[in-house]
Amino acid sequence: MKSLDRKLAAIHADPTGCREFIIADAKDADMAFGIGAPGKSPERHDAEVRQRTLAEYREQIRQVIQQGAVDIVLMSASTSDQLVLRERLFDDSHVTPAVRANDTTDIHVFRGSVIGKAPAKPFRTVSIDQAQCGKVECGDDERGQGVDLGLYSVTFNNNCELDLETLNAYKLFREEAERKGFRHFLEVFNPNMPHAVSPELLPHFINDVIARTLAGVPAAGRPVFLKIPYPGPAALEDLVQYDPHLVVGILGGSSGTTRDAFQLLHDAQKHGARLALFGRKINNSEHQLAFIEFLRRVADGEIQPEEAVRAYHGVLQALQIKPWRPLEEDLQVTDNAMSYGGESTARKRPASSHTSTAPTVPLAQMTSEERLAYHRERLRRELGD
């Protein structure tokens with residue numbers, strides 16, 4: 001059984017008490033950034049910035065699948081065609097493959113493009129059949145060969161004509177997906193047009209547009225979960241309490257610091273999120289497998305965000321990998337812009353010091369310092385060879 005299905009079942013069985021948390025690695029950036037999607041190569045000289053190749057990008061995905069710390073890997077249809085249909089990498093894995101099912105114009109943020117600065121328009125490159133079996137039309141016996149889960153993205157700009165076009169495109173997709181047995185999760189971006197909604201009303205606008213959009217959708221056509229920018233504690237709690245069976249996940253936004261990722265997951269989970277989907281935060285890390293491992297440990301409550309940053313840097317040091325930022329800088333919390341191509345603005349937090357000691361008690365009873373030392377040593381053993 002896929003861990004996603006098991007966790008969703010547990011959440012719906014006990015929406016208020018269940019502690020399960022779902023982590024997704026979003027490796028679909030080639031649908032947005034083009035050649036820059038795989039991110040910077042760590043094998044570069046200081047005076048030379050080289051991007052990873054598509055082959056290196058896919059090899060990283062293979063390693064993430066093998067590691068098994070995430071529950072979902074989200075890919076472009078072309079990568080899914082290779083890894084799901086041709087290599088069958090998910091057949092014996094608890095990890096669920098998913099594809100980006102549409103690519104609205106606001107994520108067209110490749111070099112030189114101004115398309116993403118215009119009001120978002122609905123668009124789909126891949127068809128459901130192509131996601132399910134790799135070709136335009138699937139036979140009934142072929143639909144199970146590929147993926148059965150896709151990300152559908154919508155952006156509302158508080159404009160009647162534009163938003164109705166978005167809603168109608170989503171309606172057509174839902175109806176086709178229901179007919180073909182294809183599940184989806186719904187990504188709701190903040191408006192990509194300035195002044196579409198006043199900043200103080202934006203979190204409430206997003207909550208209300210989600211509730212209104214899904215109010216007319218019966219169970220068979222509803223998304224299995226949501227993906228939204230983190231709206232802050234109060235707005236997130238309002239959405240979660242409104243419908244405990246509407247599983248809410250938060251997106252990672254721009255890369256930011258390592259502390260950003262760990263703190264965002266921790267804070268969102270504290271206020272009701274059940275899922276985190278991180279793309280650039282994982283992809284732009286120095287060591288993706290170690291980064292993901294600490295995301296999982298934070299989600300499972302085994303380590304606090306600041307401890308996780310320090311332990312992660314300890315792993316980088318053990319692996320002789322130079323971090324992108326000094327530890328003190330990586331401990332800072334920044335405010336992440338939530339547009340797809342947005343930048344982040346730093347908001348510094350003072351870093352406190354911890355002294356590591358060897359673990360001498362069971363993990364659940366360890367002090368923060370002992371957990372830090374434990375995770376450093378364990379990851380050094382697992383990842384250092």
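Couple of notes before you dig in:
- Taken over segment 3-302, the ratio of Cα radius of gyration to 2.2 N^0.38 Å equals 0.96.
- Among the GluC sites (Glu not before Pro) found in segment 1-109, those both in a DSSP coil and sparsely packed, with 10 or fewer other Cβ atoms within 10 Å of their Cβ, are Glu43, Glu48.
- Antiparallel bridges, percent of DSSP beta bridges restricted to segment 1-113 (to nearest 5): 10 percent
- Taking amide hydrogens as placed 1.01 Å from N in the peptide plane, the amide H of Gly150 sits under 5 Å from those of Val99, Arg183, His184, Phe185, each at least 5 positions away in sequence or on another chain.
- Across segment 3-302, the mean sequence separation of Cα contacts (distance under 8 Å, 6 or more residues apart), normalised by length, yields a relative contact order of 17 percent.
- Distance between the modelled labels on Glu87 and Arg19, one decimal in nanometres: 3.5 nm (7 Å Cα→Cβ projection).
- 3J(HN,Hα) along segment 111-121, derived from phi through the Karplus expression 6.51 cos²θ - 1.76 cosθ + 1.60 where θ = phi - 60°, amounts to 4, x, 7, 10, 4, x, 8, 8, x, 4, 10 Hz, with x in place of Gly and Pro.
- Each residue in Val333, Val309 was given a count of other beta-carbon atoms within 10 angstrom of its own, and listing them fewest first yields Val333, Val309.
- Bridging of Lys27 to lysines at a Cα separation below 17 Å is possible for Lys40, Lys227, Lys281, once same-chain residues fewer than 8 apart are set aside.
- Linear extension gain, Leu319 paired with Gln66, 0.36 nm per residue minus alpha-carbon span: 89.1 nm
- Relative exposure of His245, His266, His94, His12, judged by other C-beta atoms within 10 Å (fewest first): His245, His12, His94, His266
- Spacing of the modelled spin labels on Asp141 and Thr125, each 7 Å from Cα toward Cβ, amounts to 3.2 nm.
- Sequence of Ser127, Ser198 once ranked by neighbouring C-beta atoms within 10 Å, starting from the fewest: Ser198, Ser127
- For segment 48-110, the list of trypsin sites (Lys or Arg not before Pro) that fall in a loop by DSSP and count at most 11 other C-beta atoms within 10 angstrom reads Arg50, Arg88.
- Bridge type composition, segment 3-302 - antiparallel percent by DSSP, nearest 5: 5 percent
Readers should treat all values here as calculations from the given coordinates under stated rules, not as data from a laboratory. Since the structure is predicted, the reported quantities are computational estimates derived from the model, not experimental observations. We place every Cβ from the backbone using ideal geometry, glycine too, and count neighbours over all the protein chains shown.
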